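Read-outs throughout are calculated quantities, based only on the coordinates presented, and are distinct from any laboratory measurement. Since this is a predicted model, take the numbers as computed values, not measurements. Here the Cβ positions follow ideal geometry from the backbone for every residue, glycine too, while neighbour counts run over all protein chains shown.
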Amino acid sequence: MNDIRRWFGWLIMVLVVHVGEQLLFGIDELEEFKQVAGVYYSWFSNPDYGSVVMVGLIVLVGMSFVFAAMFGGKWRLIPAGFFGVSGVIESHHLVKTFLHGAYFPGAVTAVAFVTVGALLLRAVIHEWRAMASGETTAAAA
């Protein structure tokens, strides 16, 4: 669990720097997000309902992660695994840099984001396997 805590802490720090990089050099993803949000809001007769549903779902996911962490056992690894995968998904900045043939905002810190996300995910998988084989102590579970 110490590896998970370490990499999760680093992922938080990388997130702050990553957002800073995008604020300084551009948030090209905003247009993509607006398109997706437009489609989402079109599902509702009143856009305010869409906002309430979105906030409710975000809070539900956050509360589910906290509950899983409090529940213990393998469940506590799910939130960390989710954020590890999220870190790896930030590789889209690198892909877009490659496809555009030029810097895409967020690409520099995406290297750290992907690396730390992968290391977090590796630690989660290692812990999951150790729990499955009974190698962990009751205190760790």
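Relative to the dominant Cα principal axis of the chain, helix 47-71 is inclined by about 20°. By other beta-carbon atoms within 10 Å, ranking Tyr41, Tyr49 with the fewest at the front produces Tyr49, Tyr41. Projecting label points 7 angstrom from Cα along Cα→Cβ for Ser86 and Asn46 puts them 3.0 nm apart. Between 0 and 90 degrees, the angle of helix 107-132 with respect to the longest Cα principal axis of the chain falls at about 30 degrees.
As a rough footprinting exposure proxy, the listed residues Trp7, Trp43, Trp75 were ranked by other beta carbons within 10 Å of their own, and the order from fewest upward is Trp43, Trp75, Trp7. Ordered by the number of other Cβ atoms lying within 10 Å of each residue's own Cβ, fewest first, Lys34, Lys74 fall into the sequence Lys34, Lys74. From the residues Val116, Pro47, Leu77, which one has its Cα farthest along the dipole of the chain in the positive direction, the dipole being from +1 and -1 charges on Cβ of Lys/Arg and Asp/Glu about the Cα centre? Comparing the listed Cα positions along the dipole, Leu77 ranks first.
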